[in-house]
């Protein structure tokens, strides 16, 4: 337990690892054959798969059209509201490969970053193993059944059956796959641990522990070089390993270390080599960051000794128009946008993420709560993880810990979210078991869990944790307004944070953090919209089949295309000074549906506000205009006539509402501080749509077959004002070394496929995602729509 130690200063060096690759590990993503549905004997070498679809990984078949339809969505889909009305089922993947001459006679394994779910793996007709959970990384050894000088057939069966998830899971091999090729002696995957035991007088002590697989009798040595962020060697260590003792351990000293932080995420590199006389067996490079963490009820959370408030958001694993496909650039872009919007922490909900997302968090300086489970033994859905927990929990938890324990971004391990048995003796016993399991592997971070239904009856459960995660303390269904303060009065040593909060409660949730040092942060549900839990942000959590065609939660600060939603602009005002945004309450609802059964505690919605000033037919009628502002004062003008000037501050929760008689033209809000203009926002009435504009997030791509550019296409009038009401049918075409891999528009009710080359605009815009190929050159992407001037975007793809 860390309960007492958490009040003490915890100094540790943690690190992120590039994929833990041996000397010749390689991506195993390309040229797989895929069949959707059952296929008897599909593991057999002799099966003719020539008519199967050829796919590259990561791949998510739940984004494909349901057979015999033109959409991936159906009201009859087994996943129903939870899965966004998408279909799972069974799928088979096969890959034919031949070992090169250099690879023959070596140890060969395949590592999966994630397969959803119930993966069964075969080589040349022989079953090698299985993995039930859809989110943990796992590896299988191919060596005993490999054909050294002929074709090998590798097959994977995935089964995503029944109602097994509370959100969109995707289906299939949706993360990267790696081929590991090793000599007789090699460095064990996930076998290196780096920590620091001290950092005083400007010197950090870096402890290194590395495990090797040794099969020869000769003397084998592990040598580690420590490189600073500029690539200069600052320390070196070595140790002898053998069959009887395959673990090397040593300490290294780093003078005047550059500390890893959210504002300056400095990264060192540990270069480790396994050698014997005249031979190099294996080599890995691990990047790590030296930093300290401290938690206490008196001082809150300290990063490198500095008080740090967690400006957090929860995210699911999907990537919007890409479905569950964990493409590296998609993960990177998501984190980049959240960081730019003020987030410094993410809670990964409710399962381990892709390895690359953690790499990005390490590189960009984002703090992470890494969460293992949404379910233990008691189910939330009939076919969920509760069916596998007793058999698989230790395997899955170990996988998460060994894979992720070296990331400096990770500051807490979460054992679960809203666990049904959290209030029972059985649940308390399980929580203690999981916590002890984690601490035996990694005691450098606290153990936490996200708990709802807050009350004193949860005290025994909280007692098994080091940090207490409170879901919906602010405005929740517990009927109390001072839960944090009440619990602090009863249990003054408890360290708390809001592990989920409603968007509507953004001001109060953040005030709890500012007012109470023992409340170390707030994590909104959610930072990024997601597929599944359809319409919790409009119709609420009743979760009815009649909610179709809704398929998005419609809930995040960012929508699924990465565009900021109104609640995100409000959070800007809550978190940062001199922010200003301008919206209009829609005089008629944006969507036709209403839910008579909406629960009082279902607060994942936001006001139905929109950023435009096109209200033909409402001339002279009073419209509600909402301004979110952290300026001292805001003045509102209509067609350059001052309507009113008002103070905006924490006293009015950084927002104010004006009643404005509609007239076409320009609505303008001006923000002041100390009597000077510090910000200005305007809404302009658009005229008829005339042309398209295109804005790529990046114009320079790597020609590696995986890099992406997200291109936002907007319908504009002659003056360049966005035509918010346009639903123009936009068609995309491409030439050069790139391909269109997805389209989207963030419409939560759209049942259009994302895997085609056209998309209707929604609220005047849509998006196309372009992926590079392995060739360099110029990529041209053209967007066109009937009656509108087309636009062409040029991207450049260069060899890495």
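The values are calculated or read from the model by the stated rules, or taken from the named source; none is laboratory data. Fair warning: this is a prediction, and the values are worked out from it, not measured in the lab. Here Cβ is always computed from backbone atoms with ideal geometry, including for glycine, and neighbour counts include all displayed protein chains.
The figures follow:
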{"read-out": "Filter result (free of Cβ contacts under 8 Å to residues at least 60 places away in the same chain and in a strand (DSSP E or B)) within region 264-275", "value": "269, 271, 273, 275"}
{"read-out": "Residue in region 141-152 that is surrounded by 19 or more Cβ atoms within 10 Å (Cβ to Cβ), part of a strand (DSSP E or B) and within 31 Å of the chain's Cα centre (by Cα) present", "value": "no"}
{"read-out": "Residues that are part of a loop (DSSP other than H, G, I, E, B) and either buried (at least 17 other Cβ atoms within 10 Å of the Cβ) or under 25 Å from the mean Cα position of the chain (by Cα) (or both), drawn from region 75-102", "value": "77, 78, 79, 80, 81, 82, 83, 84, 85, 87, 88, 99"}
{"read-out": "Test for residue 65: is it under 28 Å from the mean Cα position of the chain (by Cα), at pLDDT 95 or above and farther than 22 Å from residue 536 by Cα", "value": "yes"}
{"read-out": "Sole exception among (1) in contact with a helix residue (DSSP H, G or I) (Cβ under 7 Å, 6 or more places away or on another chain); (2) on the phi < 0 side of the Ramachandran plot for residue 347, by number", "value": "(1)"}
{"read-out": "In region 462-486, the residues that are part of a strand (DSSP E or B) and either within 21 Å of residue 601 (Cα to Cα) or in contact (Cβ under 8 Å) with a residue 40 or more places away in the chain (or both)", "value": "467, 469, 470, 471"}
{"read-out": "Extreme residue, surrounded by the most Cβ atoms within 10 Å (Cβ to Cβ), among residues of region 757-768 that are touching a strand residue (DSSP E or B) at 6+ places or on another chain (Cβ under 7 Å), under 20 Å from residue 689 (Cα atoms) and without any contact (Cβ under 8 Å) to a residue 40 or more places away in the chain", "value": "759"}
{"read-out": "Qualifying residue in region 208-229 (condition: closer than 30 Å to residue 30 by Cα, outside any strand (DSSP E or B) and modelled with pLDDT of 95 or more)", "value": "no"}
{"read-out": "Enumeration of residues in region 91-105 that are modelled with pLDDT under 95 and in contact with a strand residue (DSSP E or B) (Cβ under 7 Å, 6 or more places away or on another chain)", "value": "103"}
{"read-out": "Hey, residue 303 in contact with a helix residue (DSSP H, G or I) (Cβ under 9 Å, 6 or more places away or on another chain) and at pLDDT 95 or above or not", "value": "no"}
{"read-out": "Qualifying positions in region 44-69 - without any contact (Cβ under 8 Å) to a residue 60 or more places away in the chain and over 15 Å from residue 153 (Cα atoms)", "value": "51, 53, 55, 66, 67, 68, 69"}
{"read-out": "Considering residues of region 667-679 that are surrounded by fewer than 15 Cβ atoms within 10 Å (Cβ to Cβ) and either touching a strand residue (DSSP E or B) at 6+ places or on another chain (Cβ under 9 Å) or without any contact (Cβ under 8 Å) to a residue 12 or more places away in the chain (or both) only, the residue nearest to residue 620 (Cα to Cα)", "value": "677"}
{"read-out": "Members of region 757-782 that are within 20 Å of residue 737 (Cα to Cα) and assigned to a loop (DSSP other than H, G, I, E, B)", "value": "757, 773, 774, 775, 776"}
{"read-out": "Residue within region 743-756 that is in contact (Cβ under 8 Å) with a residue 60 or more places away in the chain, assigned to a strand (DSSP E or B) and within 27 Å of the chain's Cα centre (by Cα) present", "value": "yes"}
{"read-out": "Per-region count, region 230-263, residues assigned to a strand (DSSP E or B) and over 27 Å from residue 212 (Cβ atoms)", "value": "2"}
{"read-out": "Failed item in (1) touching a residue at least 60 places away in the same chain (Cβ under 8 Å); (2) under 27 Å from residue 79 (Cα atoms), with residue 501 passing the rest", "value": "(1)"}
{"read-out": "Residue match in region 411-423 (condition: out of contact with any strand residue (DSSP E or B) (no Cβ under 8 Å at 6 or more places or on another chain) and more than 22 Å from residue 470 (Cβ to Cβ))", "value": "no"}
{"read-out": "Inter-residue pairs, beta-carbon under 7 Å, first at positive phi and in region 776-800, second modelled with pLDDT of 95 or more and assigned to a loop (DSSP other than H, G, I, E, B), 6+ apart", "value": "777/736; 777/737"}
{"read-out": "Boolean, residue 399 is in contact with a strand residue (DSSP E or B) (Cβ under 8 Å, 6 or more places away or on another chain), under 21 Å from residue 117 (Cα atoms) and surrounded by fewer than 23 Cβ atoms within 10 Å (Cβ to Cβ)", "value": "yes"}
{"read-out": "Among residues of region 488-506, those that are surrounded by 15 or more Cβ atoms within 10 Å (Cβ to Cβ), out of contact with any strand residue (DSSP E or B) (no Cβ under 7 Å at 6 or more places or on another chain) and under 19 Å from residue 449 (Cα atoms), counted", "value": "3"}
{"read-out": "Residues of region 729-744 that turn out to be crowded, with 22+ Cβ neighbours inside 10 Å and under 24 Å from residue 610 (Cα atoms), as a count", "value": "3"}
{"read-out": "Some residue of region 278-298 being outside any strand (DSSP E or B), closer than 30 Å to residue 514 by Cα and modelled with pLDDT of 95 or more", "value": "yes"}
{"read-out": "Region 728-742, residues that are touching a residue at least 60 places away in the same chain (Cβ under 8 Å) and more than 24 Å from residue 64 (Cβ to Cβ)", "value": "728, 736, 737"}
{"read-out": "Which listed residue, of 542, 526, is modelled with pLDDT of 95 or more, out of contact with any helix residue (DSSP H, G or I) (no Cβ under 7 Å at 6 or more places or on another chain) and not in a helix (DSSP H, G or I)", "value": "526"}
